[in-house]
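Remarks on the structure that follows.
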Amino acid sequence: MCGIVGYTGKREAGRVLIEGLKKLEYRGYDSAGVALQENGQLIVTKAAGSVADLEKALNDQFKEVRVGVGHTRWATHGPPTDLNAHPHSSVSGKIVVVHNGIIENHRSLRRRLTEEAGYRFNSETDSEVLAHLIEYYYQDDLLEAVQRAVADVEGSYALVAACSEEPDLLVCARQDSPLIIGLGDGENFVASDIPALLAHTRKTCIMEDGEFASITPDKVIFYDADSLPVEKEVLQITWNQEAAEKGGYDHFMLKEIMEQPAAVRETLRQRVDVSSGLVELQELDLTPEQILNLDKIYIIACGTAYHAGLVGKLAIEKLAGIPVEVDVASEFRYRTPVFAENQLAVVISQSGETADTLAGLRMARARGLKVLAITNVVGSSVSREADQVLYTWAGPEIAVASTKAYVTQLVALYLVAIYLAQIRGTLEAAKAAELVKGLLGMPDQLKQVLSEESVAAIQAYCDYLVKWDHAFFIGRNLDYPVAMEGALKLKEISYIHAEACAAGELKHGPLALIEKGVPVIALVTQEAILDKTLSNIQVVNARGGAVFAITREDFKDVSRQVDSVFNLPRVNDVLAPILSVVSTQLIAYYTAVGRGSSVDKPRNLAKSVTVE
Ligand code: AGP
């Protein structure tokens, strides 16, 4: 999510770090910093804002420095400020650390270091704990101190540490967050992403989970999780700068679709107790009594986020038994909802800056409702103005068409639904545990949906769809909002007119448009109403419509009744949208590519709509 660059060699380190950080800034970061080794001291310079602000703050000082680490931050714990920016220093200033990822047990480590060692913390970040922990273990050997420190850590990390007493050395560690070593001649590099390295070297080694590396200008040594040295394969990078920014994919949208297993894993992190099967939402600042008394929830959002809200409604009503109204924000602000006590508003916004959503939030607050925001951007307007925030940890989303942000919004809403149900006692413990288990299994199931074989099946279907100017998406219950999201995505980037229709509504009008060959994408994941959906499909078949069903592999009957199927792994009805929507994203993507549209920046649209 954040960007890391490290350098040890013969050049002006500050320049190498700033240039490297600039190459990572395309993802939209909010603060940056560097630490430079100068005369036995680690000098840290940080700035909220862009890398250009950091460059100004550095003001070309420290030209003689040859070693340093740098970081651009995408805030998760604590807003984007100078203090929260990396690198973080240990108490004595002897150790500095840059870190990507999330330290799940940072609170208990913070407590331990404060109580046992009297350390004081300067920032609100989880990452700062690493600097102190490494100093706590440091006995003239940075590598050993890092190894001991990460043994105490739960969570994900790509980290680079430097120590003023070992001036040429950088030590790296990786778990669930990428880190790449760049090999040079009398100099070596480390970065979280390849674009930061390309100007200097194309010879790289990719670190694996559990590995460590110690880097000096002349040598890089890798160690496995047992601290034994390992030989690594050297990879020659052939990508150009643009391809590297997209992780080798043709478009940011595809990269972001492929990042969904990791984004879901991050959003679940720290919010479910695996052993008890319980959801723990510390962010939700409602007393059990307030939750028991909740009479109604308003969900307010736009576009894709609105579609997430529709799934949220069905999940909350089903699991927690609370009535939910979902509004498009631009409509909510001009209607007259009947506000009363014991109501909660939930606003959903990837960017946190959507003008209509903000207006809905303000209206709800002005009428005395508590507002929970679900957003992907720490420090955004929505997150600042809401009473409580549940962040999705999808990382920066660049393509205008929202994909990973949507899927993590679904995860956040499921967590809310299960949490409310737990407290209200509306869900048996075994059922709650089954759903939690299902959520935890989502990253692996998503990987199946994104496998080469699955993608090839979608591509084959898109060869058909690409020739049409109209398409229908149909579904019932939880499949219906997914149909709406699938249609929006297809319209947005392929410019094919797509209409979503509740499958049972076809006969009340839209059926008039079905004739031979018209593409109908049917979402068929709801076991409880499988027969109903199948009978709606028969009606389409009878008019010659060409049905492509997105269904579950165990629904064997479906394939006999449609033209072609795309099989999802077996999944609980309630959670199915997480998997099914991903196949609709792939349909939109490959159809848009087939039609030669501008995938990442579709015509007439913007990533963040800050006007009414
Ligand atoms: C999604 O693909 C769209 N680009 C759009 O509908 C978007 O979801 C909407 O504008 C809301 O944005 P937000 O989540 O940043 O508030």
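Listed values, structure above:
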read-out	value
Rg followed by Dmax, in Å, when region 2-245 is reduced to its Cα trace	16.2, 50
Within the chain, helix-based [θ] at 222 nm, where runs of 4 or more DSSP H residues each add -39,500 (n - 2.57), nearest 500	-11000 deg cm²/dmol
Unit Cα scatterers, Debye sum, region 249-440: log10 I(q)/I(0) for q = 0.09, 0.13, 0.15, 0.18 Å⁻¹	-0.30, -0.63, -0.85, -1.21
Rounded accessible area of residue 94 (nearest 10 Å², 1.4 Å probe)	50 Å²
The chain, relative contact order in percent, only Cα pairs under 8 angstrom and at least six apart counted	11 percent
Given charges at Cβ of Lys, Arg, Asp, Glu: the chain dipole, positive-most of 347, 213, 99	347
Reachable lysines, given that their alpha-carbon falls under 19 Å from the alpha-carbon of residue 404 and they are not under 8 places away in the same chain	246, 255, 447, 489, 491, 601, 607
Percentage relative contact order, region 523-567, counting C-alpha pairs under 8 Å, at least six apart	38 percent
Overall Cα dimensions of the chain - principal axes, largest extent first, Å	79, 55, 45
Ratio of the Cα radius of gyration of region 48-95 to 2.2 N^0.38 Å, where N counts its residues	1.27
Net charge contributed by nearby residues that have their C-beta within less than 12 Å of residue 493 (K/R +1, D/E -1)	+3
Rough spin-label spacing in nm, given labels placed 7 Å along Cα→Cβ, for residue 152 and residue 541	6.4 nm
Degrees between helix 479-494 axis and first principal axis of the chain (Cα, 0 to 90, nearest 10)	70 degrees
q = 0.11, 0.18 Å⁻¹, region 191-295: log10 I(q)/I(0) [Debye, one scatterer per Cα]	-0.62, -1.05
Three-way shape call for region 104-159 based on the alpha-carbon gyration tensor, with the a/c threshold at 1.5	oblate
Where the Cα pairs of region 450-612 fall when distances are cut into 5 Å bins, in %	2, 9, 20, 23, 21, 14, 7, 3, 1, 0
Residues residue 384 and residue 234, FRET efficiency given R0 of 56 Å [Cβ-Cβ distance, rounded to 0.05]	0.75
Sequence of 86, 508 when ordered by accessible area, the most exposed leading, probe 1.4 angstrom	508, 86
FRET efficiency, residue 56 to residue 338 (Cβ-Cβ, R0 60 Å, nearest 0.05)	0.70
Using alpha-carbon coordinates, inclination of helix 128-137 to the longest axis of the chain, degrees	40 degrees
Karplus 3J(HN,Hα) series, Hz, for region 469-477 with 6.51 cos²θ - 1.76 cosθ + 1.60 (x for Gly, Pro)	9, 9, 8, 10, 10, 10, x, 10, 6
Nearest-10 value in Å² for the accessible area of residue 74, using the 1.4 Å probe	30 Å²
Exposure rank, largest accessible area first [269, 552, 560, 107; 1.4 Å]	560, 107, 269, 552
Segment residue 437-residue 282, length gained on full extension (0.36 nm per residue, minus Cα span)	53.8 nm
Accessible area of the chain belonging to carbon and sulfur atoms, whole % at 1.4 Å probe	48 percent
Between helix 429-440 and the chain: long-axis angle, C-alpha atoms, 0 to 90°, nearest 10	60 degrees
Descending principal axes extents, region 408-521, alpha-carbon based, whole Å	50, 38, 21
Dipole in debye (nearest 20) - the chain, about Cα centre, beta carbon charges: Lys, Arg +1; Asp, Glu -1	1640 debye
Over region 2-245, relative contact order from alpha-carbon pairs under 8 Å, at least 6 apart, %	19 percent
Positive minus negative residues near residue 163 (Lys, Arg vs Asp, Glu; Cβ under 10 Å)	-4
All lysines inside 24 Å of residue 56 as judged from Cα atoms, apart from same-chain residues fewer than 8 positions distant	10, 22, 23, 46
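The values are calculated or read from the model by the stated rules, or taken from the named source; none is laboratory data. This one's a predicted model, so the numbers in the text were calculated from it and none came from an experiment. Glycine also receives a Cβ, built like all others from the backbone with ideal geometry; neighbour counts cover every protein chain displayed. Protein only, heavy atoms only, side chains kept; ligands, DNA and RNA dropped before computing areas. Shrake-Rupley method; radii C 1.70, N 1.55, O 1.52, S 1.80 Å.
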